[in-house]
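Presented below is the structure to which this report refers.
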Amino acid sequence: MAATDASPLLEILAREPEGYSLWDGPPFNNGEPRVKLAKVPCSTSKYSEDGSRLMVIKPDSKISIYDCSSSTEIRSFEIPNFLAATLSPRGTYLQTFQKVSTPQEKNVVLWNIETGTPVYQLFQKSMSKTTWPSIRFCSDESVACRMATNEIQFFDTGDFSKGFTKLRIPGVAAIELSKTPGSHVAAFVAEAKGIPASVQIFACGKDAQAQPVARKSFFRCSTVQLIWNHGSTGLLIVAQSDVDATNQSYYGESKLHYLTTDGTHEGSVPLRKEGPVHEVRWSSTGAEFAAVYGYMPAKATVFNKKCNPLLELGEGPYNTIRWNPKGRYLCLAGFGNLPGDMAFWDYKEKKLLGSTRAELSVSSEWSPDGRYFMTATTAPRLQVDNGIKIFHPNGSLLFKKMFAKLYQADWKPEAPEKFGDVPELAEAIGSLKIDEKKQSGPGQGSKTSQGAKKATVVNPVAPKPAAYRPPHAKVAASVQAELFGGGSSTEEMSKNALRNKLKREKQRAKKAAEGGA
């Protein structure tokens, strides 16, 4: 179905040194976005996962929470010496981490935003990527848990004062709670004293926490990325080691593993090229995932839930993959220290829609309705050429705006279900005809002429290379053609030589017949 009038409007947040601004998203009137809110002073801004609330840290270190539907401030918090703050997925809670002075001081506080009161407090010595946020929520906030020493603690989200239940896991170093639904939690135990590292999946129900429902062990692993699918039925594990046993990479090595909650699959994903795993992303349906892997030029493949390859996206200077929220389009790109090439694919039709380039991009994401792809060059990663670019799914540039300095550019989150499907968009893309002469140079618009070629599951057979002919042989061939009446081209000379050979054979046969008579 087409997008309905009830679909929410897209919104973009752009943060500069003077503060953040809110723009109406595309499509734009007269090619420019309308500014809804202009430059509110702040040092940090972050949406909740569902886009209902916005957390803004003011220059005076005051934390303000805004209602996104009305852009009004709900509540502000003055918390001394805080180092980090984050919102829960639905914006119900604010979690803060303060600089600790004594072990008796509870420096992590979970605040109820509506009442402004703390609902839970605890002591945490330090903050890292694996330990923050301290209390993890699933998307609907029905399940909350925390990693502690040798255990995972589960809270009653209806009343945090009731304390928690414990799931003991000796040596647990990282956890990841599934989001939709919050039915399982994955726990990583690092390698120690000759015992291999492992990832275990536990059910979150009180009656099913004793034994893991799935487990995978592996050596040469120091850290992991744990990536749940939508539906909480599959877990991808990127196991990373600081040292490459083959000595082919200074940055260590990485492997991709896959576990299912029903125990039907526990093993490695069969990647078809040696090298690091650059990025892995589930589609919004949770039924397939895409991986970018291997030494440059990297290879990209879409797999199903049984780890069977469904679509080969080819090779190139890529390290980034982005599914659109509808699961139909995906962008394969090379950002960071790569030149910024982008290839847009229609996964449903299994074809390339177009390609372009967005140099120096730091962040990239699809719009919530899946119709637009935005890249941004931001500080402090890059201090020059800061700006925003928005592309159509065929790679053509819709909008570009440069800034003296830009710190952040984000779409306001919205549930993809609020937007209709876009079959008319796919038809419009298929009917576009762009002058191929304008596409000859790299990075000059989209190359939709490549879109007519269907992608195949198996790797295409490479054409057999022609035999090498040194320059002097080519000159000799042309001289020979001129001396013996051949044409100027190699092909014509070969035909004439064959004709002469047949003529000589006929003459010899005729003489032999006459001699025999």
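The values are calculated or read from the model by the stated rules, or taken from the named source; none is laboratory data. Quantities reported herein were computed from a predicted structural model and do not represent experimental measurements. Positions of Cβ are backbone-derived with ideal geometry, glycine not excepted, and every protein chain shown enters the neighbour counts. Surface areas here come from the heavy atoms of the whole protein model, side chains and all, with no ligands, DNA or RNA. Shrake-Rupley method; radii C 1.70, N 1.55, O 1.52, S 1.80 Å.
Odds and ends about this structure:
- Note that region 95-238 presents 47 Å² accessible area per residue, ligands and nucleic acids not counted, probe 1.4 Å.
- Of the listed residues Arg90, Arg381, the order by accessible area with a 1.4 Å probe, largest first, is Arg381, Arg90.
- Estimated distance in nm for a label pair at Ala415 and Lys166, the labels positioned 7 Å out from Cα along Cα-to-Cβ: 3.8 nm
- Cα gyration tensor of region 66-181 - equivalent ellipsoid semi-axes, whole Å, descending: 23, 18, 13
- Relative contact order of region 134-265, defined on C-alpha pairs under 8 angstrom at six or more residues apart (%): 15 percent
- Förster radius 45 Å - calculated FRET efficiency between Leu310 and Lys511 (Cβ-Cβ, nearest 0.05): 0.10
- The accessible area of Lys418, taken with all protein chains in place and a 1.4 Å probe, comes to roughly 110 Å².
- The charge dipole of region 1-128, taken about its Cα centre with unit charges on the Cβ atoms of Lys, Arg (+1), Asp and Glu (-1) only, comes to about 440 debye.
- The residues of region 249-362 present an accessible area of 38 Å² per residue when probed at 1.4 Å with all protein chains retained.
- Within region 266-414: Cβ-based charge dipole about Cα centre, in debye rounded to nearest 20 (Lys, Arg +1; Asp, Glu -1): 240 debye
- Over 32 Å (Cα to Cα) - which of Lys39/Lys99; Lys106/Lys326; Lys36/Lys299; Lys166/Lys412; Lys162/Lys255 fall in this group: Lys106/Lys326; Lys36/Lys299; Lys166/Lys412; Lys162/Lys255
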